[in-house]
């Protein structure tokens, strides 16, 4: 079963295509929890859930009321008619982890319909789940933002770092780039080594570093130290415009 948590038309706030008008589909479910990021969200029952900045799209137990089951591809395609969109607007598929649905027939049909209409599709993925580019050629027409999780996520190394998956995606996708979430406490010599342990699996793929942030305050606290790190190491700094402008990561 595919679950859609939210959809919204905004600008891309992160990474290579920052500032680009984009229609976002946020799907529910993830193969990680990333509790190390320490972002907190209160569920309707008063429970405070800790995880990434979109924990409501990860934790089905406490946020099920936000998870809408999708039974037909038309239910997803009809979302486009709810907005006044430019022709062939960029589509961003995020989560959670959207690639948990990579082999779902309905999900693949959705991608094929979008590509047929001329949309560029960008997946925001943690880069740990494989994609069958031969069985489903539509993925070769997609862009992949590889937000591979680092030590600060709290996830184990063998779960968050899959070199074979990274290589497969970077070698077969229309475009791919690395996107790392970094807080000021994590900036040290070990961080550079850790990033290199990821990028070695696709050395020509560009690297974007963005501040860990669940709020504008946290974004500002982590921004300047990260900029200095990027300047020293030659990485691209990525702001998180949606948080800086709206102080939120939901539906903006």
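Condition check: at pLDDT 95 or above, outside any strand (DSSP E or B) and in contact with a helix residue (DSSP H, G or I) (Cβ under 7 Å, 6 or more places away or on another chain). Does residue 197 satisfy that? The answer is no for residue 197. Number of residues in the range 2-28 that are surrounded by 20 or more Cβ atoms within 10 Å (Cβ to Cβ) and touching a helix residue (DSSP H, G or I) at 6+ places or on another chain (Cβ under 6 Å): the value is 6.
Select from the range 154-183 the residues that are touching a strand residue (DSSP E or B) at 6+ places or on another chain (Cβ under 8 Å) and not in a strand (DSSP E or B) and write down the one among them that is surrounded by the fewest Cβ atoms within 10 Å (Cβ to Cβ).
Looking only at the range 154-183, we keep the residues that are touching a strand residue (DSSP E or B) at 6+ places or on another chain (Cβ under 8 Å), and these are 166, 169-170, 173-183.
Imposing the further condition that a residue be not in a strand (DSSP E or B) reduces the set to 166, 169-170, 173-174, 183.
On the way: 166: 23, 169: 26, 170: 21, 173: 20, 174: 14, 183: 19.
In this case the residue turns out to be 174.
Of all the numbered requirements in (1) crowded, with 23+ Cβ neighbours inside 10 Å; (2) in contact with a helix residue (DSSP H, G or I) (Cβ under 7 Å, 6 or more places away or on another chain), residue 151 misses one, and that requirement is (1).
Are any residues in the range 79-110 within 20 Å of residue 10 (Cα to Cα) and assigned to a helix (DSSP H, G or I), and if so, which ones?
First pass over the range 79-110, keeping only residues within 20 Å of residue 10 (Cα to Cα): 79-98.
Across the range 79-110, the qualifying residues are 79, 80, 81, 82, 98.
For the range 183-203, filtered to residues that are in contact (Cβ under 8 Å) with a residue 24 or more places away in the chain and more than 20 Å from residue 223 (Cα to Cα), the residue that is nearest to the chain's Cα centre (by Cα) is 198.
Does residue 148 count as at pLDDT 90 or above and part of a loop (DSSP other than H, G, I, E, B)?
Details: at pLDDT 90 or above: yes; part of a loop (DSSP other than H, G, I, E, B): yes.
So residue 148 fits the description; yes.
Of all residues in the range 77-98, those that are touching a residue at least 24 places away in the same chain (Cβ under 8 Å) have Cβ atoms under 6 Å from Cβ atoms of residues that are surrounded by fewer than 11 Cβ atoms within 10 Å (Cβ to Cβ), 6 or more apart or on another chain, in 88/118.
Quick one: in the range 207-252, of everything that is more than 16 Å from the chain's Cα centre (by Cα) and assigned to a loop (DSSP other than H, G, I, E, B), which residue is nearest to residue 17 (Cα to Cα)? Ranking the qualifying residues of the range 207-252, first place goes to 235. For the range 131-143, the condition of being in contact with a strand residue (DSSP E or B) (Cβ under 6 Å, 6 or more places away or on another chain), crowded, with 22+ Cβ neighbours inside 10 Å and either modelled with pLDDT under 95 or assigned to a strand (DSSP E or B) (or both) holds for none of the residues. Selection of the range 42-71 for residues being over 17 Å from residue 6 (Cβ atoms), loosely packed, with under 11 Cβ neighbours inside 10 Å and in contact with a helix residue (DSSP H, G or I) (Cβ under 9 Å, 6 or more places away or on another chain) yields 45, 71.
Filtering 16, 72, 40 for residues that are touching a strand residue (DSSP E or B) at 6+ places or on another chain (Cβ under 8 Å) and modelled with pLDDT of 90 or more leaves a single hit, 16. What residue, among those in the range 213-232 that are touching a residue at least 40 places away in the same chain (Cβ under 8 Å) and in contact with a helix residue (DSSP H, G or I) (Cβ under 6 Å, 6 or more places away or on another chain), is nearest to residue 188 (Cα to Cα)? Looking at the filtered set, the residue picked out is 225.
The values are calculated or read from the model by the stated rules, or taken from the named source; none is laboratory data. From a predicted model like this one, the values you see are computed outputs, not experimental measurements. Note that we place each Cβ from the backbone using ideal geometry, even for glycine, and neighbour counts take in every protein chain shown.
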